[in-house]
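Below is one structure, written out as structure tokens, with a few remarks after it.
No value in this document is a laboratory result; all are computed from the given coordinates. Here the structure is a predicted model, which means the values were calculated and not measured. Here the Cβ positions follow ideal geometry from the backbone for every residue, glycine too, while neighbour counts run over all protein chains shown.
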Amino acid sequence: MTLHNCLLALFGLLMPFVADGIDYPYSTAEPQKSGWPLMDEERAYIVDKAEHDRRPGREANKHLPHLWPVVPSAGYFGGDAWLKLHEAHVRTVQANAGLVDVLLVGDSITIQWGESWKKHFPDMKAVNIGIGGDKTQNVLWRLDHGGVEGLQPKSIVLMIGNNNMFFTPETGIEAAAKGIEMCVKNLREKFPDAKIVVASILPAHSPDHRFYQDIKATNEVLRTLKLNSDPLVQVLDLTNDFLNEDGTLKKELYTPDNIHLSPAGYAVYAARLKPMLEAMLAGRPVPAQPAKKMSP
């Protein structure tokens, strides 16, 4: 490659790029920015390189952690294990093309709705594309690579961000919140008529744990972004539902890892979510949310 072409390539990497109408702040070396099925080059890129080696700036020997949550990146469990989960979701989406009542987007807390969804929402046709371990950047990649293509959801429930807490010491809190905001922008671009519920990151661990503190701080930044200034977006803050008065977790709502939800936890989540979805699907105003209490 000539020096001229190298400079052009580097300039392109530093410029924002647009995939499916979404304006991302950085262009990585990824060969296929959007679309499905994957080209062989794209498949090799995400299967042969760990996610760490595909993060924004890596290809230019730059450390840009504040961009990680807002630029699409495929997940990685080793080899093609993560990609196989995405491919399974793509097949489910293709099998359910057209109108669905609810599209569920997120990580393990979303995919583990399972029987609890059937119990609490028996009459709502839902497609669930949660993947355990996913961060905002992984959701962005999936949305742009066949993850929702052909669906026409009437409503969407997004809960994402817990796994971004592993990286907040590098990315910062604001970047994690901006990653959630970018997921909302992506979904609004793809489904301009759908109504979206953005669920806050659920509390996890204990008040003296960094995850707990960073989740609290990220949710506070998320509130300042005023996502619900869009009339089609509602923010569901579940924090108080899952905490005792002293700020500790309501243990009965969690599994022993203090992250994932027990059936009782999903029942509490469903109790808050159900009236919102019923109103959205019926074309009624969404009920007002309880006033937020200040947690310790």
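Here are the numbers for the structure shown:
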quantity	calculated
For the range 109-219: rounded, prolate or oblate by the Cα gyration tensor [a/c cutoff 1.5]	oblate
Relative pair counts by distance (%), Cα atoms of the range 166-296, 10 Å bins	11, 39, 38, 12, 0
Spin-label pair A88/T255, simplified geometry with 7 Å Cα→Cβ offset, distance in nm	1.4
Where a label projected 7 Å from the Cα of S262 along Cα→Cβ would reach, residues of the range 232-250 with amide N under 19 Å	239-250
Relative contact order of the range 210-296, pairs being alpha-carbon contacts under 8 Å that are 6 or more residues apart, as %	22
Cross-link reach list, lysines versus K195, counting only Cα pairs under 17 Å and skipping chain neighbours closer than eight places	K125, K154, K185, K226, K274
Sorted by Cβ neighbour density within 10 Å, fewest at the top, the residues H66, H209	H209, H66
Between helix 81-95 and the chain: long-axis angle, C-alpha atoms, 0 to 90°, nearest 10	70
Length-normalised contact order of the chain in % [C-alpha pairs under 8 Å, at least 6 apart]	15
Compactness of the range 54-116, expressed as Rg and Dmax over alpha-carbon positions, Å	15.6, 46
Inverse of mean 1/r across different Cα pairs in the range 61-164, Kirkwood, Å	14.3
Order of T92, T136 - criterion: other Cβ atoms within 10 Å of each residue's Cβ, fewest first	T92, T136
Order of D134, D214, D208 - criterion: other Cβ atoms within 10 Å of each residue's Cβ, fewest first	D208, D214, D134
For K250, distant residues with modelled amide H under 5 Å away	L243, N244
Virtual spin-label span in nm between A29 and T248, 7 Å along Cα→Cβ	5.0
Residue pairs, from the table K33/K251; K49/K178; K178/K250, whose Cα atoms sit over 32 Å apart	K33/K251
Segment D53-T224, length gained on full extension (0.36 nm per residue, minus Cα span)	58.4 nm
The range 22-74 - convex hull of the alpha-carbon atoms, volume per residue in Å³	77
Distance histogram for the chain (every C-alpha pair counted, 10 angstrom bins, percent rounded to whole numbers)	6, 28, 36, 22, 7, 1, 0
